[in-house]
């Protein structure tokens, strides 16, 4: 008999297997055929402790298989062979000066972009600093000096000097109860939402509301030498480190 539980926070009935991103209760699985990544976060009520306008996440089934686009990577970034890891160095490589490559900021984009639907991916950040991650418009500027902000087509968070901040004009400070080692990026192209979670606990970090025009790509900025970001593959794994 299928188990139906009610989330005490969101007040909605849900089928297993689910995990509420607000009350953190993991409801029972419906059957042994259910796989760990088939989770359904409950929508947080507007009067909860979640950030203002935090996204009401929709059902998702498959984590995106995000890889890095070497044609966009700044010359100081080294990508792993499987394009799932990026590391900042102090020695620029000799690379073609293509118009799609970041030539000032040490950034790289995901290979694939999205124009519709809901998507999510996990990034292992570990204990290193000097990084930012999120999404950016495929058409956003990549050449020369410019500002990263939602107004310029980038929605991201960063960690630098032991402070988590929103990448915007104010560099708004984020107060997190604990330091996440893995961050989940959630993108809803149709509703115009970008959300960030601690991927291990599903605790909310921050959310943007936006109006997307055109394709949106995963975005990574790594500026501290030796810092790496690792993209977790879609299948369940104990180690997101990538060689």
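Observations
- Taking region 77-231 and dividing mean pair separation by its residue count, relative contact order in percent (alpha carbons under 8 Å, at least six apart): 36
- For peptides 68-75, 129-136, sequence by mean Cβ density within 10 Å, most packed first: 129-136, 68-75
- Put the Cα centre of region 156-185 next to the Cα centre of region 192-227 and the gap is 10 Å.
- For region 147-216, the square roots of the Cα gyration tensor eigenvalues, ordered a ≥ b ≥ c, give a/c of at least 1.5 with a/b no greater than b/c, which places it in the oblate category.
- Extension gain, residue 162 back to residue 111 (0.36 nm per residue minus Cα-Cα distance, nm): 15.4 nm
- Note on residue 225 and residue 65: the extension gain reaches 55.0 nm, defined as 0.36 nm multiplied by sequence separation minus the Cα-Cα distance.
- Difference of contour (0.36 nm per residue) and Cα-Cα distance, residue 81 to residue 178: 31.7 nm
- Each 5 Å bin from 0 upward holds the following percent of the Cα-Cα pairs of region 77-231: 2, 9, 19, 24, 23, 16, 7, 2, 0.
- Point-to-point label distance, residue 151-residue 191, nm (Cα→Cβ direction, 7 Å offset): 2.7
- When peptides 173-181, 112-120, 217-225 are sorted by average Cβ neighbour count within 10 Å, with the highest value leading, the order is 217-225, 112-120, 173-181.
Values quoted throughout were computed directly from the atomic coordinates according to the rules given, and no laboratory measurement underlies them. Quick caveat, the model's predicted, so the values are computed rather than measured. Neighbour counts are summed over all protein chains in view; Cβ atoms, including those assigned to glycine, are modelled from backbone coordinates with ideal geometry.
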